[in-house]
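Peer 1: Dropping a structure here in structure tokens format, bear with me for questions.
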Amino acid sequence: MANPKTATAEAQFKKEARAQDGKKAMAEYEQAGLAMRAKTAKLRELRLARDAELAAAEAANPAAKKTKKAKPKLPTISAFHRDQEGSRNR
């Protein structure tokens, strides 16, 4: 059977090791969060600069309005019947 003092010492050692692991994990988590926020801020700045540049270019050179293509008109059923009246296919 194990010595009670040894068991207590081992339990305390494991508890301290878990606490140190927890502190280390929390520090890594916080550092990852800081890195993510810095990266997001940098990307936001780049996006805003790009958008401002595009807006300035568009304001300097307004593009002509695009016209929509006219859709071809499809024949109606009544037009089909009118065309078929003289035909023997009816």
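Peer 1: Provide the net charge surrounding Gln31, with neighbours chosen by a C-beta distance below 13 Å and charges set as Lys +1, Arg +1, Asp -1, Glu -1.
Peer 2: Result for the neighbourhood of Gln31: +2.
Peer 1: So, with +1 on the Cβ of K and R and -1 on the Cβ of D and E, and no other charges, what is the size of the charge dipole of the chain about its Cα centre, to the nearest 20 debye?
Peer 2: In total the dipole reaches around 620 debye.
Peer 1: Still on this model: Quick one: length gained pulling Ala38 to Lys69 fully straight, 0.36 nm per residue minus the C-alpha distance?
Peer 2: Roughly 6.5 nm would be gained on extension.
Peer 1: Please build a GNM for the chain, connecting alpha carbons under 10 Å apart, and tell me which residue among Ala70, Ala35, Ala55 fluctuates the most.
Peer 2: Among Ala70, Ala35, Ala55, the largest GNM mean-square fluctuation belongs to Ala70.
Peer 1: Nearest 500 deg cm²/dmol is fine: what mean residue ellipticity at 222 nm does the chain get from its DSSP H runs of n ≥ 4 alone, each adding -39,500 (n - 2.57), divided by its residue count?
Peer 2: Here the helix-only value at 222 nm equals -26500 deg cm²/dmol.
Peer 1: Could you work out the percent of alpha carbon pairs in the chain separated by over 21 Å, rounded to a whole number?
Peer 2: Percent of Cα pairs beyond 21 Å in the chain: 75.
Peer 1: Count charges around Glu16 for me, please; just the other residues with Cβ under 13 Å from its Cβ, Lys/Arg as +1, Asp/Glu as -1.
Peer 2: +3
Peer 1: Mind counting lysine pairs for me in the chain? Cα separation below 17 Å, and the two need to be 8 or more apart along the chain or on different chains.
Peer 2: So the count of such lysine pairs works out to 6.
Peer 1: Can you work out ³J(HN,Hα) from phi for every residue in the stretch 37-53, in order, using Karplus 6.51 cos²θ - 1.76 cosθ + 1.60 and θ = phi - 60°, giving whole Hz and x for Gly and Pro?
Peer 2: Values, residue by residue: 5, 5, 5, 5, 5, 5, 5, 5, 4, 4, 5, 5, 5, 5, 4, 5, 5 Hz.
Peer 1: Residue farthest toward the positive end of the dipole of the chain, with Cβ of Lys/Arg at +1 and Asp/Glu at -1: which of Ala25, Leu43, Ser78?
Peer 2: The one lying farthest along the dipole's positive direction is Ser78.
Peer 1: Taking the Cα centre of the stretch 12-62 as origin and charging only Cβ (+1 Lys, Arg; -1 Asp, Glu), how large is the dipole, in debye to the nearest 20?
Peer 2: 440 debye
Peer 1: What distance in nm separates the simple spin-label points at Gln31 and Arg18, each placed 7 Å from Cα in the Cβ direction?
Peer 2: 2.5 nm
Peer 1: What's the extension gain from Glu45 to Ala9 if we count 0.36 nm per residue and subtract their Cα-Cα distance?
Peer 2: Difference between extended and current length: 7.5 nm.
Bear in mind that the values in this text are calculations on the coordinates, not laboratory data. Bear in mind that the values here come from a model prediction, so they are computed numbers and not experimental data. Don't worry about glycine lacking a Cβ; one is built from the backbone with ideal geometry, like all the others, and counts go over all protein chains shown.
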